[in-house]
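Structure first, commentary second.
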Amino acid sequence: MDIDSHADFAADPARVFDMLTDKSFLEKVCERTHATSYDVIVDGSNVKTSRDLPAPDAARPFTGDKLTVVEEITWAEAGADGGRSGAVTMKVPGQPVSFNGKYQLAAGGSGSRLSLTGVLKVNVPLLGKKLEESAAPAVLAGFKTQEQLGADYLAR
């Protein structure tokens with residue numbers, strides 16, 4: 001299933017990148033997405049989060065009550081305009097679920113626009129598409145939560 005979304009931030013790309021690689025900000029995103037436990041590792045331009053989340057109703061027969069979602073982002077160097085791209089992977093260990101995509105951070109909108117594109121795949125015969133549809137909101141929830149919390153973070 002194709003994923004295509006964007007978030008706007010009232011700051012230049014360099015400041016938004018600093019936010020997206022700030023461990024305390026990312027921990028707040030984990031908390032706001034109802035993670036029952038989480039781990040955030042930031043190593044320069046590389047970010048890895050692992051979150052235990054309640055499983056969507058449609059997935060529970062296959063996964064149990066919770067899912068562990070591991071997301072890794074590898075950001076490229078900033079361009080002359082301050083924009084960046086980042087490779088994004090998301091996996092659910094022990095489950096046939098993956099997301100491979102790209103972030104694009106550029107000046108635009110109210111300051112910066114962060115775009116997310118990629119493909120969410122659930123490799124389960126006959127049910128894969130339905131499970132992808134139920135998993136997509138969870139993929140986008142973290143992304144939209146960044147936009148919501150980002151307004152407060154950038155206002156400081």
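The values are calculated or read from the model by the stated rules, or taken from the named source; none is laboratory data. For clarity, every value in this text was computed on a predicted model and none was experimentally measured. Here Cβ is always computed from backbone atoms with ideal geometry, including for glycine, and neighbour counts include all displayed protein chains. Protein only, heavy atoms only, side chains kept; ligands, DNA and RNA dropped before computing areas. Shrake-Rupley method; radii C 1.70, N 1.55, O 1.52, S 1.80 Å.
Surface composition of segment 44-125: carbon and sulfur make up 53 percent of the accessible area, probe 1.4 Å.
With only Cα atoms counted, segment 35-98 has Rg and Dmax values of 14.8, 49 Å. With protein chains left intact and a 1.4 Å probe, residues in segment 51-156 average 52 Å² of accessible area per residue. Could you work out how far helix 128-155 tilts from the main Cα principal axis of the chain, as a 0 to 90 degree angle to the nearest 10? Once rounded, one gets 30 degrees.
For segment 3-42, the alpha-carbon radius of gyration amounts to 1.32 times the rule-of-thumb value 2.2 N^0.38 Å expected for a compact globular protein. Structure remark: mean-square fluctuation, Gaussian network model of the chain, C-alpha springs under 10 Å; the largest value among LYS121, LYS129, LYS48 belongs to LYS129. On a 0 to 90° scale, report how tilted helix 23-32 is relative to the longest principal axis of the chain, with both axes built from alpha carbons and the result rounded to the nearest 10. Rounded to the nearest ten degrees, it is 40. Fully extending the segment from GLU72 to ALA87 would add 4.6 nm, taking 0.36 nm per residue of separation and subtracting the current Cα-Cα distance.
Between ASP43 and MET1, what is 0.36 nm times their sequence separation minus the Cα-Cα distance? Round to one decimal in nm.
Gain in length upon complete extension: 12.1 nm.
I'd like the FRET efficiency for SER110 and ASP52, computed as 1/(1 + (r/R0)^6) with the beta carbon distance as r and R0 of 25 Å, rounded to 0.05. Before the final figure, lay out the partial values.
Values: r = 34 Å, r/R0 = 1.34.
Working from the Cβ atoms, E equals 0.15.
Between the amide H of HIS6 and those of LEU116, distances stay under 5 Å, these residues lying 5 or more places away or on another chain, with hydrogens modeled in the peptide plane. Among GLY82, GLY108, GLY44, which one moves the most in a GNM of the chain with springs linking Cα atoms closer than 10 Å? Answer for the Gaussian network model of the chain: GLY44.
On the basis of the beta-carbon distance and an R0 of 25 Å, GLU147 and ASN123 show a calculated FRET efficiency of 0.25. Given that just one value was derived from the coordinates, which of [x] 15.5, 49; [y] 17.5, 58; [z] 19.9, 69 is Rg and Dmax of the Cα atoms in Å? Given [x] 15.5, 49; [y] 17.5, 58; [z] 19.9, 69, the structure-derived one carries the label [x].
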